[in-house]
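The values are calculated or read from the model by the stated rules, or taken from the named source; none is laboratory data. Keep in mind it's a predicted model, so treat the numbers as computed, not measured. We work out accessible area using only protein heavy atoms, side chains counted, and drop any ligands, DNA or RNA first. Shrake-Rupley method; radii C 1.70, N 1.55, O 1.52, S 1.80 Å.
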Amino acid sequence: MTKSYLSSDTGESAGGFNLNVAKINLDDFGIPVGGTLDKIVIGLDTESGQGTTPSLSLVGAINSQNLTAIPEPASTLGLLTLGFLGTASAINRKLSQGKK
């Protein structure tokens, strides 16, 4: 499977050379979260008319899938309310048993 990703300028430079980034999403290749690769082949091409030699200083890849879901505020508030009601009920039960 071959995918092409264009690089974009980061606005940073090192040694007088502009630093670019290409965002590679492992989901595009069916690699699951936590999956591993043993090889990535990257082809570099010169920009037409520029006569520059492309090079790499760092390569990284990510999965865009969520690792864990973040609870919605409404569900968190509901859980807090249930916890409070359970605690209040337990305290009320203890106080009622102490009066008998």
Requested in this report: Provide the solvent-accessible area of residue 84, counting protein heavy atoms only and rolling a 1.4 Å probe, rounded to the nearest 10 Å².
Outcome: 140 Å²
Query raised in the report: Once the whole set of protein chains is in place, how much accessible area is left on residue 2, using a 1.4 Å probe, in Å² to the nearest 10?
Result: 130 Å²
